[in-house]
Amino acid sequence: MNTKPESQSLAAWVEETREGIDSGRFPVRAFNDQAVYDLEQERLFSKTWCFLAHESEIPHPGDYVTRYIGNNNLIVARDEHGEIHANLNMCRHRGNVMCKAEMGNASHFRCSYHGWTYKNSGELVGVPYMKEGYEGRLKRKDWGLVGVRVDSYEGLVFGCLDPEAPPLDEYLGGFQFYLDLYLKHGLGGVEVHGPPDHWIADTDWKICTENFAGDGYHTPVAHQWGFHLGYFPSSGSTHSQGWAVSIPGKGHGIGLGHGPNFPPFGGFPDDLVAEMKQSLSPEQVEVFSRTRTAVGSVFPNLSFLMQPFSLEPGEIGVRFVTMRLYHPVGPGRMEMYSWCLVPKNASQEYKKEAYRAYTLAFGQAGTFEQDDFENWTKVTQAAGMTMVRDVDFPYIMGMDSAPDPEFPGPGHAVVPYVNDTNFRNLWSRWADYLAGEV
Amino acid sequence: MGEQPVDRDTASEIQEFMFREALALDERRFRDWLAMLTDDIRYEAPLRVIREGLAVWDLSPTSRIFDDDRQTLEVRIQRLETDFAWAEQPPSQTRHFVTNVLADPGDNPDEYEVRSNCLIYRSRGTSPTPSLYSLSRKDVVRRTEDGWRLARRWAAFDQALINAHNLSILI
């Protein structure tokens, strides 16, 4: 037996974990443990850029949604000038929640306890009995809602609790090249099809992040039904083809699965392909035109998936894009947010078709989604068992893969698509945060 | 109000049809269940969103949990018939409690709009904690030469944040 984590300090366990990742080992315990969860809240979610909302969810002045960074509930609102703000959903006076709805439109938020009122930008504007009660001692400008840094990329709005953290651009560190695959669908970009599905599961958020950082390995087994009945445009024997790309030192990763004889940009309507060739760079076109399935994670808990899905066995069908956020709500427990992104410039008919494919495959009743969560809840359950506290998982696939020198995109690109390189990069970044090194 | 808009025999037949349809699902007789649907079935569950009381909608006009027609329901059933539908291996135990069934004349002569409440108890494996789904349904049933058929299922979940790791059952 190895050293027992319970007799070890958490710091020593984190250090040992960091060293283990380099040699392709990762502890099962990380996926369901109160101490690890607490440390993530303290050191990870307080420092990373976390996804808040897509701009198309709040298109008009006053539109807002309530979202989370770690355990912090935030109001993400577009002010009267069109600027987006994220503020803690808590009245500065006595801490009542300002906004109990998930979304809506409001020029002001008024606390239902003592009536303090804020503009949707977070600025305090109204204090009842201001003159009589506070006798001039309360300066409204000192008591606005607690704000959070906000920045965006191609419609994705992120927030960061750490004022010292590097800007979003640097945080994404080149992964923008791959995000464009999901976001630059035609010259108009993408929009959400509607509010996100959300549901709660006894699953650790990290299992989902890992899976979407490019786990092509699970597909032919976990989603065998799709291959078996011909609804999925690849086969078990060719499924390993493609690239796994990670951004070293940043944690982001993407799997780009290829299909032999797969037509360039197959499953997209022709007019959209023509526009994509203008919105994407020649390097991006070279990489993406061959891509059948693209599954990627932005560290720490935002993911994307794009794939064609057909209701006619053997046909290529229609491409759909899903964006998902894994909001941790406890050790081994998370709230899932899942959106469908559709090209803004596409026909209503295509948007509808893409959305139906998404719902059937990856909504909460989605036929692929169902099996993922069945597996992930069981993994999480296992990770909570006492006997596995000292047990590691092997992350040694592609340990010696050299980067493909011909690959035109940024990052570390390896073949085949079935590879653990992205995951080692992901866990190594995660461990750096937990060690307090970021 | 107070007057029964659909005659008692018809109302009673519709209620029995609703119960038999639920029974087919609970007994996992999915092919029998498919046979109870019209070819032009629409099977929808809109997404519930928590909004302020005066909001225009709280059931999303665009987002759906189920957004199916005959073809996609066939895909769901075909999937369950493979050995790889892991979400239902072993199968969930479900019980549909259908109550407050009210039939009203529909838009077409042979169609009736049927409102009902549906509470679904779902247990998985040895877990002592079941999932409970409460739904309000506005279905359309059609009288055909071969008997009653479900032409539309519209069901709204009473919870916005669904407390279940997936929805691998039918509603």
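Summary table
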{"read-out": "Hull volume in cubic angstrom per residue (convex hull over the Cα atoms of region B:8-157)", "value": "142 Å³"}
{"read-out": "Size of electric dipole in chain B: Cβ of Lys, Arg +1 and of Asp, Glu -1, about Cα centre, debye, nearest 20", "value": "740 debye"}
{"read-out": "Table column - 3J(HN,Hα) (Hz), region A:354-371, Karplus curve with 6.51, -1.76, 1.60, x for Gly and Pro", "value": "5, 5, 5, 5, 4, 4, 5, 9, 10, x, 5, 9, x, 6, 8, 4, 3, 6"}
{"read-out": "Positions from region A:103-151 whose accessible area shrinks by 20 Å² or more when the full protein complex is built, not the chain alone, probe 1.4 Å", "value": "A:Met103"}
{"read-out": "Chain A: angle of helix A:421-434 to the longest principal axis, Cα-based, in degrees nearest 10", "value": "30 degrees"}
{"read-out": "Ranked order, A:Asp180, A:Asp392, B:Asp110, B:Asp146 - accessible area, probe 1.4 Å, largest first", "value": "B:Asp146, B:Asp110, A:Asp392, A:Asp180"}
{"read-out": "Amide hydrogen neighbours beyond the local backbone of A:Phe299, cut-off 5 Å, H modeled", "value": "A:His252, A:Gly253"}
{"read-out": "Solvent-accessible area, 1.4 Å probe, carbon plus sulfur percent, for the protein assembly as shown", "value": "49 percent"}
{"read-out": "Within-10-Å neighbourhood charge of A:Gly24 [Cβ basis; K, R +1; D, E -1]", "value": "-1"}
{"read-out": "Whichever aspartates and glutamates have a C-alpha closer than 20 Å to that of A:Lys100, once near sequence neighbours (fewer than 8 apart) are set aside", "value": "A:Glu57, A:Asp63, A:Asp79, A:Glu123, A:Asp197, A:Glu335, B:Glu52, B:Asp58, B:Asp158"}
{"read-out": "Average accessible surface area per residue within region A:286-438, 1.4 Å rolling probe, Å²", "value": "33 Å²"}
{"read-out": "Solvent-accessible area lost in complex, 30 Å² minimum, residues of region B:45-59 relative to chain alone, 1.4 Å", "value": "B:Leu47, B:Val49, B:Ile50, B:Arg51, B:Glu52"}
{"read-out": "Amide H contacts of A:Asp204 (H built 1.01 Å from N, under 5 Å, at least 5 apart or other chain)", "value": "A:Thr380"}
{"read-out": "In nm, spacing of pseudo-spin labels at B:Thr62 and B:Glu145 (7 Å Cα→C-beta vector)", "value": "4.4 nm"}
{"read-out": "Förster radius 60 Å - calculated FRET efficiency between B:Asn100 and A:Val388 (Cβ-Cβ, nearest 0.05)", "value": "0.80"}
{"read-out": "Cα centroid separation - region A:257-273 against region B:102-168, whole Å", "value": "38 Å"}
{"read-out": "Where labels lie 7 Å past Cα in the beta-carbon direction, separation of A:Ser235 and A:Ser347 in nm", "value": "3.3 nm"}
{"read-out": "Placed amide H near B:Arg51: partners under 5 Å, 5+ positions off or other chain", "value": "A:Glu102"}
{"read-out": "Potential extension, A:Ser112-A:Lys378 segment - 0.36 nm per residue separation minus Cα distance", "value": "91.5 nm"}
{"read-out": "Highest-fluctuation residue, A:Phe45, A:Phe227, A:Phe158 considered, GNM on chain A with Cα pairs under 10 Å", "value": "A:Phe227"}
{"read-out": "Phi to ³J(HN,Hα) by Karplus 6.51 cos²θ - 1.76 cosθ + 1.60 over region A:318-335, Hz, x for Gly, Pro", "value": "10, 7, 10, 10, 10, 10, 9, 10, 9, 8, x, 10, x, x, x, 9, 8, 10"}
{"read-out": "Buried area at the A-B interface (accessible, heavy atoms, 1.4 Å probe, summed, Å²)", "value": "3400 Å²"}
{"read-out": "HN-Hα J in Hz across region A:97-112 - Karplus 6.51, -1.76, 1.60, θ = phi - 60°, x for Gly and Pro", "value": "6, 7, 10, 9, 8, 7, 7, x, 9, 7, 7, 9, 10, 10, 6, 7"}
{"read-out": "Within region A:202-225, backbone nitrogen closer than 19 Å to the virtual label 7 Å beyond the Cα of B:Gln89 toward Cβ", "value": "A:216-225"}
{"read-out": "Across A:Lys352/B:Lys138; A:Lys141/A:Lys344; A:Lys119/A:Lys351, pairs whose alpha-carbon gap is larger than 30 Å", "value": "A:Lys141/A:Lys344; A:Lys119/A:Lys351"}
{"read-out": "Residues of region A:90-106 with amide N under 17 Å of a point placed 7 Å along Cα→Cβ from A:Trp143", "value": "A:90-98"}
{"read-out": "Among A:Pro416, A:Pro27, A:Pro166, residue whose mean-square fluctuation peaks in a GNM of chain A (springs only between Cα atoms under 10 Å)", "value": "A:Pro166"}
{"read-out": "For chain B, built as a Gaussian network whose Cα springs stay under 10 Å, the top-fluctuating residue of B:Ile14, B:Ile50, B:Ile41", "value": "B:Ile50"}
{"read-out": "Chain B, accessible area per residue, ligands and nucleic acids excluded (1.4 Å, Å²)", "value": "50 Å²"}
{"read-out": "Spatially proximal lysines relative to A:Lys206 (Cα-Cα < 26 Å; intrachain offsets below 8 disregarded)", "value": "A:Lys4, A:Lys47, A:Lys250, A:Lys378"}
{"read-out": "Convex hull volume per residue in cubic angstrom - Cα atoms of chain A", "value": "149 Å³"}
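The values are calculated or read from the model by the stated rules, or taken from the named source; none is laboratory data. What you see is a predicted model; the values in this text were computed from it and never measured. A quick note on method: Cβ atoms are made from the backbone with ideal geometry, for glycine too, and the neighbour counts reach across all protein chains shown. Accessible surface is based on the protein model in full, side chains and every heavy atom, while ligands, DNA and RNA are left aside. Shrake-Rupley method; radii C 1.70, N 1.55, O 1.52, S 1.80 Å.
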